[in-house]
1. If a residue must be of a type outside the set (D, E, K, R), at pLDDT below 75 and touching a helix residue (DSSP H, G or I) at 6+ places or on another chain (Cβ under 6 Å), how many such residues does segment B:46-63 contain?
2. Which residue, of B:Phe29, B:Phe2, is exposed (fewer than 12 other Cβ atoms within 10 Å of the Cβ) and within 14 Å of another protein chain (Cβ to nearest Cβ)?
3. Under 8 Å by Cβ, and 6 or more places apart or on different chains, what pairs join a residue from segment A:122-151 that is facing another protein chain (nearest Cβ under 9 Å) with one that is in a loop (DSSP other than H, G, I, E, B) and at pLDDT 85 or above?
4. Restricting attention to segment B:259-317, report how many residues are buried (at least 16 other Cβ atoms within 10 Å of the Cβ) and on the phi > 0 side of the Ramachandran plot.
5. Quick test of your reading of the structure: A:Gly118 fulfils all but one of (1) more than 26 Å from A:Leu242 (Cβ to Cβ); (2) in contact (Cβ under 8 Å) with a residue 60 or more places away in the chain. Name the failing condition by number.
6. Do we have A:Leu53 as surrounded by fewer than 18 Cβ atoms within 10 Å (Cβ to Cβ), over 30 Å from A:Thr208 (Cβ atoms), out of contact with any strand residue (DSSP E or B) (no Cβ under 8 Å at 6 or more places or on another chain) and in contact (Cβ under 8 Å) with a residue 12 or more places away in the chain here?
7. Exactly one of these conditions fails for A:Ile106: (1) surrounded by fewer than 18 Cβ atoms within 10 Å (Cβ to Cβ); (2) within 20 Å of B:Ile249 (Cβ to Cβ); (3) more than 14 Å from chain B (Cβ to nearest Cβ). Give me its number.
8. Anything in segment B:60-118 that is over 30 Å from B:Arg166 (Cα atoms) and polar (S, T, N, Q)? List them, or say none.
Amino acid sequence: MAATFLKSQFVFNWRRNPPAILGTLILVVCTGLVVFGPFLVRQNPYDLTQLNLMDSFLPPAWLDGGNPAYLLGTDGQGRDLVAAIVHGARISALIGLSAMALACTIGTTLGLIAGFYGGRVDALIMRVADVQLSFPSMLIALFLMSAFGTGIDKVLIALTAVGWVVYARTVRGSTLGEVQKEYVQAARVAGLSNARIIVKHVLPNVLTPLIVIATVQVGTFILIEASLSFLGVGVPITQPSLGLLIKNGFDVLFSGLWWTSVFPGLMIMAMVFGINLLGDFLRDELNPRLK
Amino acid sequence: MFAYTVKRLFQMLFVLWAVSVLVFLMMSFTGDPVYMVVRIDATDAEVENARRILGLDRSLPEQYWFFLTNLMQGEFGNSYVFRQPALDLIVERLPATLEIVLVAMAIAAIVAIPLGVFAGANPGHPVSRFIMSGSLLGISLPGFWVGMMLIYVLAVELRLFPSSGRGETLEFLGIRTSLLTANGWHHILLPAITLSFGTTAIILRITRAGMMEVMRQDYIRFARAKGASRRGVLYGHGLRNGMIPVVTIFGLQLGDLIAFATITETIFAWPGMGKLLIDSIYRADRPVIVVYLMLVALIFVVVNFVVDLLYTMIDPRITVK
């Protein structure tokens, strides 16, 4: 299995595509930081007993006044920025991935139902999708968060509400094509239940285009979450994501304390850039029409 | 065409109605605005009185009916904070927001279209590769962070630009705009560049994709064969056809820009309606939020409508059903 995969066209193309390799490398490093980082840093940035106010606003280690113990400097509460970024990236990544999983599940289910059954259900789901698509995701998310208040669970709901549409539309489109095909008719003749046909026969055939959408959406979600948190309507201050770290940094930017906002921003950029590089490669690979 | 236009008009009304129901429901289930208007030590009787004046003692459908009829008459109530009509507050700030949105759009078009045409016409060129990686990086950056970096480098460190606020304005056709004064342009550039970032990247990619699609067509090969100059083929034959998807994207991006202007305005303390929205969300100033949402919904619906009509005009192959 593994050997066949390594010899596949997919891997062959990947090895000859520097941006894809770069994206993969970035993502591997980011995943490592997010998964293992919190165990590697010596400070738990949210355990107040481990913070020392005397160490607040130290610049990065290579600058005058920097302390080698704090590679990227510290924030206003003497929190090691490396530790804060590693924890923050974990929250950002978790939100991005879980919201994508939720949006994908709900959107795919609705898309399958709409495409398979057609009629009124289809019209209703697609009408809602149309109305929603005429508004930018950021605005919908902002509106929902302003109604819900802050919280990771609420951010997840808002992102899911924003993200399901694209899956529903794509899946409905492919499902409409699939139900015409002979294998679905054969399954019908064989007397299989609708639910079984949808899950076992149609679903596997409409999944491929979703891979690209899902990959890129994680990046989009990380950016939207960061924007919401930056505006103060995202995650609560007890669970700061990268966006909230940037917001805290913004408050002191005018005093020249640039490192508290620059480094969290670079971390977001690295994560989303890696995702987008890989997404571009997948799009070219999985869409034979473009070749 | 006429039937299509009428049908689209009804669709627009439907969308606006759906938005009004959603806005109403969300507003009804979140918090009690009575405490926004009464004194902090108000007696129960005073609270009840305020509730009656605001119409909050009635049933939900009744409240919605009042909400809708008021909406139709352009009557949105007074802001709880400013004690002024909410509509006036928003309309007062609308020019400031449209200003940065338009300048951002112009910057995006000026930067993105030539680069996109180049990258689409020369796909293998190293410069094209560089442009494309740059645009991917542009999509991957949080816009607000870019703005902060611009403020830090150009305003705080180098002192080339003001870090916040709107410059001098002049009245033109009854609208106060900062686009007529040098000081106004000095203030608008940083926020507009910040806002244009994402749009530039997206328009660049769409232009490139459109150009690549077009350059493969037979009529391009034919134009080359008949001896038309490279430039002539590129801009005369290629760009005209490659621009069709770009027009739609411009329309859609207008919506995104208005939405993202909320963040840009917050960073740059730009006195537009986006900043007012964020401030109103913090203060739970319901009437202002409602006006903002309904106005923005109206703008989006109209823009989408215009884009659809333009689409059929630019590309005669597309017929409306």
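1. 1
2. B:Phe29
3. A:Leu142/A:Val233; A:Met145/A:Val233; A:Met145/A:Gly234; A:Ser146/A:Val233; A:Gly149/A:Val233
4. Total meeting the criteria: 1.
5. (2)
6. yes
7. (2)
8. Hits for segment B:60-118 are B:Gln63, B:Thr69, B:Asn70, B:Gln73.
The values are calculated or read from the model by the stated rules, or taken from the named source; none is laboratory data. Since this is a predicted model, take the numbers as computed values, not measurements. Every residue, glycine among them, receives a Cβ derived from its backbone with ideal geometry; neighbour counts consider all protein chains shown.
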